[in-house]
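Have a look at the structure below, then the notes.
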Amino acid sequence: MKGIFSALMVSFDKEGNIDEQGLRDIIRYNLDVCMVEGLYVNGSTGENFMLSTDEKKQIFQITKDEVKNKVPLIAQVGSINLKEAIELAQFATELGYDALSAVTPFYYKFDFQEIKDYYNSILEHVDNKMIIYSIPFLTGVNISLDQFAELFENEKIIGVKFTAADFYLLERMRKSFPDKLIYAGFDEMLLSAAVLGIDGAIGSTFNVNGARAKEIVKLVKQGKIAEALQLQHVTNDLITEILQNGLYQTIKEILSVKGVHAGYCRKPMKVLSEEKIAVAKEISQKYL
Ligand code: MN9
């Protein structure tokens, strides 16, 4: 369960329908070319929060079928519709997903007791493990060190996907929870997180830049920080240009350049202009 996990992209056609063959192509590219060590399915990058329950199930199914047991799979099942979260947790567990993950419930400003109940309720219904998905900049939900400790009292909660730039909290977490799995969630901060002793990373840009990310982590483990920093610099030139051009659309466009039918993003996400498609091609040629 350790290492570089792609937050899996999903291919949609122009009308917003899942393109099954495109999704299979993206998975193959991740495994064969990016050589990622696992996949995180139906996360933010998978445009999960714009999908129906049936579509989420379809994506879990297709991905498991394509990957078989080649790499570990994490199923993101979180939803503020708790019944949906439980249904998806059961579905992914039956399919043989290695672990579940659930975003902290958002929008209604749930208090900590409610957040804790949410995780424990999901886990009461399944025989599987849970990785908390913490992404305060999108959810507005901040969890403190003490609150993480309380959540981790449930032994089925084995880790956290930590998508935040709070390196003080990350260091405190590493020290306090040596046996929990900590995954970094911001690809542009991978080196800094790796220095603090994360177990892995889960990110969108690994769909195209996974090999370089693996190398950064390897170099840090060998204590070759200066070399790792050179790779992080190149990576961040790449990520900065991707972010300026439109994050998910540009990654999909880069995949298209590589011959992968990555398709379009789901509305209300926009379609890239011709100019931006040209920029995406340039980014691909320059860095990948
Ligand atoms: O899953 C991703 N977060 C989102 C993690 O997409 C919201 C990251 O991989 C970022 O996309 C990436 C670029 O900021 O670090």
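Rule-based calculations on the coordinates, nothing more; no lab input. Keep in mind that what you see is a predicted model, and the values were worked out from it rather than measured. All Cβ positions, glycine included, derive from the backbone under ideal geometry; neighbour counts span all protein chains shown.
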At what distance in nm do the modelled label points of Lys68 and Ile80 sit from each other, each positioned 7 Å from its Cα along Cα→Cβ? 4.2 nm
With +1 at each Lys and Arg Cβ and -1 at each Asp and Glu Cβ, the charge dipole magnitude of the range 151-288 around its Cα centre, to the nearest 20 debye, comes out at 280 debye
Around Leu181, under 12 Å between beta carbons, what's the net of Lys plus Arg minus Asp minus Glu among the other residues? +2
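Under a Cβ-Cβ cut-off of 10 Å, what is the net charge of the residues other than Ser79 that fall near it, where Lys and Arg count +1 and Asp and Glu count -1?
Net of charged neighbours comes to 0.
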Which loop-located GluC sites (Glu not before Pro) does the range 4-50 contain, where loop means any DSSP state but H, G, I, E or B and the Cβ has at most 16 other Cβ atoms within 10 Å? Glu15
Considering only the other residues whose Cβ falls under 13 Å of the Cβ of Val33, what net charge follows from Lys and Arg at +1 and Asp and Glu at -1? +2
Summing -39500 (n - 2.57) over every DSSP H run of at least 4 residues in the chain and dividing by its residue count gives a helix-only mean residue ellipticity at 222 nm, to the nearest 500 deg cm²/dmol, of -15500 deg cm²/dmol
Taking only C-alpha pairs under 8 Å that are 6+ residues apart, what is the relative contact order of the chain in percent? 21 percent
Along the charge dipole of the chain, pointing to its positive end and built from +1/-1 on Cβ of Lys, Arg, Asp and Glu, which listed residue (Ala262, Val41, Phe110) has its Cα farthest out? Ala262
In which sequence would Leu82, Leu255, Leu231, Leu138 go, from the one with the fewest C-beta neighbours within 10 Å to the one with the most? Leu138, Leu82, Leu231, Leu255
So, with +1 on the Cβ of K and R and -1 on the Cβ of D and E, and no other charges, what is the size of the charge dipole of the chain about its Cα centre, to the nearest 20 debye? 600 debye
What area, in nm² and to one decimal, does the C-alpha convex hull of the range 3-224 cast on average over all directions? 11.6 nm²
